[in-house]
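Take a look at the structure below.
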Amino acid sequence: MLSLYNNIVSSAFVLSFSVITSGLKMWLGFKTSSISGANQITTDSSNNSNVGKLFTGKAVDFDGSNDSIDIDGFQLAGSDATFAFWINPTEAQNTYILDVNITRFVIAFSGYELSIYSGAAFFKFGAIGYGEWSRVAIVINGTSASCYVNGDQLGTTKTIPAISIGSAARASIGSIFTGASTYYDGKLSDFQVYNAVWSASDIAYDY
């Protein structure tokens with residue numbers, strides 16, 4: 001089962017009878033969060049409206065066994081794109097992060113290196129850290145592909161066949177598009193896809 005994790009340390013309270021409310025001014029249980037304007041907030045259970053603004057996010061935890069996210073029907077026009085996400089792999093692995101079919105495009109760990117697959121070939125950028133969070137941005141500009149980790153370029157820019165996934169029928173995050181094997185083991189958060197090419201300043205600003 002997929003489970004959501006707040007990237008903060010929260011306390012779990014087991015209430016046997018009742019809560020002491022006399023003098024209670026703020027109670028942030030971190031059980032839920034919501035969006036208010038441009039902010040992510042957690043509610044105040046004391047009813048005093050002392051909400052907490054969260055400088056954090058949520059992550060999906062993949063167990064490497066049978067977890068995946070079905071995004072069948074996802075389409076991306078043209079051959080320019082940026083894929084950005086936070087990732088925290090549990091260990092070195094050969095697994096899929098994103099797999100889109102019919103015209104195949106893949107983001108994966110291949111030979112323990114962050115890679116993409118396009119035009120029937122893998123292109124490896126390099127290894128990233130395990131057991132720690134990294135911000136990854138993969139920028140596709142026509143037939144050029146670059147990967148950035150924590151604001152810095154990983155490896156070299158690759159020349160690839162232009163991607164074309166405007167007619168995608170099957171797509172998955174965390175496994176091969178069939179959802180049958182090569183399951184990712186680790187956490188993933190804030191997965192974004194842009195039909196645009198990020199510049200170096202965009203990369204720095206995002207990180």
**OP:** For Tyr117, tell me the accessible area in Å² from a 1.4 Å probe, rounded to the nearest 10.
**Re:** 50
Original post:
So what is the calculated 222 nm ellipticity per residue for the chain, using -39500 (n - 2.57) for each DSSP H run with n of 4 or more, over all residues, to the nearest 500 deg cm²/dmol?
Top reply: -1000 deg cm²/dmol
**OP:** Enumerate by residue number the chymotrypsin sites (Phe, Trp or Tyr not before Pro) in region 25-55 meeting two conditions: DSSP loop (anything except H, G, I, E, B), and at most 10 other Cβ atoms within 10 Å of the site's Cβ.
**Re:** Phe55
Original post:
Applying 1/(1 + (r/R0)^6) with R0 = 30 Å to the Cβ-Cβ distance of Ala127 and Ser167, what FRET efficiency is obtained, to the nearest 0.05?
Top reply: 0.35
Original post:
Out of Leu98, Leu54, Leu154, any idea which swings most in a Gaussian network model of the chain, alpha carbons joined below 10 Å?
Top reply: Leu54
Subject >> Label-point separation, Tyr112 to Asn94 (7 Å along Cα→Cβ), nm >> reply: 1.3
Subject >> Choice from Val193, Val60, Val136 showing the highest fluctuation, given a GNM over the chain with Cα pairs closer than 10 Å >> reply: Val193
**OP:** Can you spot the lysines whose alpha carbon is less than 29 Å from Lys25's alpha carbon? Ignore those fewer than 8 places along the same chain.
**Re:** Lys53, Lys58
**OP:** Mind checking which aspartates and glutamates have their Cα closer than 17 Å to the Cα of Lys158? Skip sequence neighbours fewer than 8 apart in that chain.
**Re:** Asp80, Glu113
Original post:
What is the spin-label model distance, in nm, from Ser181 to Ser49 if the labels are put 7 Å beyond Cα along the C-beta direction?
Top reply: 5.8
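The values are calculated or read from the model by the stated rules, or taken from the named source; none is laboratory data. Everything numeric here is computed off the predicted structure, so don't read it as measured data. Every residue, glycine as well, gets a Cβ built from its backbone with ideal geometry; the counts of neighbours run over all protein chains shown. Note: areas computed on protein heavy atoms with side chains; ligands, DNA, RNA excluded. Shrake-Rupley method; radii C 1.70, N 1.55, O 1.52, S 1.80 Å.
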